[in-house]
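Written out below as structure tokens is the structure these notes cover.
The values are calculated or read from the model by the stated rules, or taken from the named source; none is laboratory data. Everything quoted here is computed from the prediction, not taken from an experiment. Note that we place each Cβ from the backbone using ideal geometry, even for glycine, and neighbour counts take in every protein chain shown.
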Amino acid sequence: MDRFSWKYDNGLHKTGEILVTQQRGLRLYDGEDKTNFDNGNLKLTSHSLIWEDQKLPDRRISLSLALISKVKEHSSGLMKSAKLFVYLNPPPADRQPGPFDSSSYAFIKLSFRNGGHIEFRRLLEQQLMKKLWLQSSTVTNLQADSNIVQSRIQRRGPGILGIERNLEEKSRATDTAINQAFKDLDALMEKAKEMVALADRFASKIEERKGTLTEDETILFKSYLLSVGISNPVTRETHGSGTSYHKKLAKELEIFLSEQLKIEGGMMTLTDVYCRFNRARGMELVSPEDLLNASQLFQSLGLSLRLRSFSSGVFVIQSSSHSDDEVIHDTREKLFSNSCLTADQLSKILGISVMLAKERLLFTEQVGMACRDDSVEGLKFYPNMFLQTAVFQ
């Protein structure tokens, strides 16, 4: 209790101080000892705890929130009221006179006879986190500093002109830097168009030299293609919304996927297309819903792509020239040459995703060209030996 000081008025005179809450029927304990500060009204402000006697309103003490280190709750029991243990920092050297000159305790107890201790604790800890009393002292210091600056300005009026000149020079330098940055950005966008054209030439070279490039060279060229973006992507801002936007997006997809599908064997999952397409578009991303809506317009627009759904629910985009018979025949050949295959093994042989490899195997099974063995070792596919003669005659 030696941290409390007498409060001789009931006002909130500190800068920015506000009343947060108040609770009636409070008794104060000095540590474990009862005091005669009983049945009072406890106010919580943004800066202090204020206890005032309900019978003698002029009897009032105050504790600065800056002196509180932590708060703990002790629930009520049989014949006992709920209490808050308030742990205190050491008293300041310049403390004001209070009801206790010294105390052997470093905490006080607040006894809530009428309940409300949970909400009071929450609000108290909230104010301890905000530390508004520090802001008040900062405002006071700033006001003092402002007065000092004003007095110096009055004594050194000509120096203001020098400060204004420095500010103008800094502003001009900033404008120059911003203008230069935008010029560099324009040059970068022009260079991006050149890089897209270069990517098209890369794709053509890969197709021309198919079979002569090593696997490492092919991977390197593919990484170059993925790193180059779309120079002028279709957006809702430039091409409207709804069907008009989806039609333009579908045509952009056709251009973007023309070379990608050749490299990937004529078919890509919609998820792979989504990732690559958005990577190429940079910051102008499309949503999965917009990609699906655009893909559904391929056939009605007469484009060279098709959206297809397998029986498993997997969506793929394939070129219109993609032949199911060729896929089945090629998959069956791989099964014969390897005796049996899992989806993972086929994906490595063909250089496609595991999901697409599995769909190829399932599709080949559906038409009777393959059969499966589903065991503890996993799902394996074998060639249908009964159709071997018919297929390879």
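Based on this model, can you work out whether SER75 counts as under 48 Å from the mean Cα position of the chain (by Cα), under 21 Å from GLN127 (Cβ atoms) and not hydrophobic (A, V, I, L, M, F, W, C)? The answer is no for SER75. Looking only at the range 101-130, residues that are of a type outside the set (A, V, I, L, M) and part of a helix (DSSP H, G or I) come to 9 in all. Answer yes or no as to whether PHE363 is in contact (Cβ under 8 Å) with a residue 40 or more places away in the chain, part of a helix (DSSP H, G or I) and buried (at least 17 other Cβ atoms within 10 Å of the Cβ). Yes: the conditions hold for PHE363.
Yes/no matrix, rows are residues, columns are (1) in a helix (DSSP H, G or I); (2) modelled with pLDDT of 90 or more:
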site: ASP344; (1), (2): yes, yes
site: LYS348; (1), (2): yes, no
site: ILE352; (1), (2): no, no
site: MET355; (1), (2): yes, no
site: GLU359; (1), (2): yes, no
site: ASP374; (1), (2): no, no
site: TYR382; (1), (2): no, yes
site: LEU387; (1), (2): yes, no
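Of the helices (runs of 4 or more DSSP H) that lie entirely inside the range 234-296, not one contains 2 or more residues that are under 31 Å from the mean Cα position of the chain (by Cα), at positive phi and surrounded by fewer than 17 Cβ atoms within 10 Å (Cβ to Cβ).
For the range 299-326, how many residues meet the condition of being more than 41 Å from the chain's Cα centre (by Cα) and touching a residue at least 40 places away in the same chain (Cβ under 8 Å)? Give the steps one after another, and end with the answer.
Of the range 299-326, the ones more than 41 Å from the chain's Cα centre (by Cα) are 321, 323-326.
Right, trim to touching a residue at least 40 places away in the same chain (Cβ under 8 Å) and you get 321.
Within the range 299-326, residues that are more than 41 Å from the chain's Cα centre (by Cα) and touching a residue at least 40 places away in the same chain (Cβ under 8 Å) number 1.
Among the numbered conditions (1) at pLDDT below 85; (2) out of contact with any strand residue (DSSP E or B) (no Cβ under 6 Å at 6 or more places or on another chain), the only one that GLY116 does not meet is (2).
To keep it simple, each residue is scored yes or no on (1) of a type in the set (Phe, Trp, Tyr); (2) part of a strand (DSSP E or B); (3) surrounded by fewer than 15 Cβ atoms within 10 Å (Cβ to Cβ).
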position: ARG27; (1), (2), (3): no, yes, no
position: GLU52; (1), (2), (3): no, yes, no
position: LEU84; (1), (2), (3): no, yes, no
position: ASP94; (1), (2), (3): no, no, yes
position: PRO99; (1), (2), (3): no, no, no
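Within the range 53-63, identify whether any single residue is within 46 Å of the chain's Cα centre (by Cα), under 14 Å from PHE107 (Cα atoms) and in contact (Cβ under 8 Å) with a residue 24 or more places away in the chain, and answer yes or no. Yes, the range 53-63 has at least one match. Under 23 Å from GLY240 (Cα atoms), of a type outside the set (A, V, I, L, M) and in contact (Cβ under 8 Å) with a residue 40 or more places away in the chain, is that true of GLU254? Judged against the criteria, GLU254 is a match.
Restricting the range 314-329 to residues that are acidic (Asp, Glu) and out of contact with any helix residue (DSSP H, G or I) (no Cβ under 8 Å at 6 or more places or on another chain), the residue that is surrounded by the fewest Cβ atoms within 10 Å (Cβ to Cβ) is ASP325. The residue that is surrounded by the most Cβ atoms within 10 Å (Cβ to Cβ), counting only those in the range 101-131 that are over 45 Å from the mean Cα position of the chain (by Cα) and charged (D, E, K, R), is ARG113.
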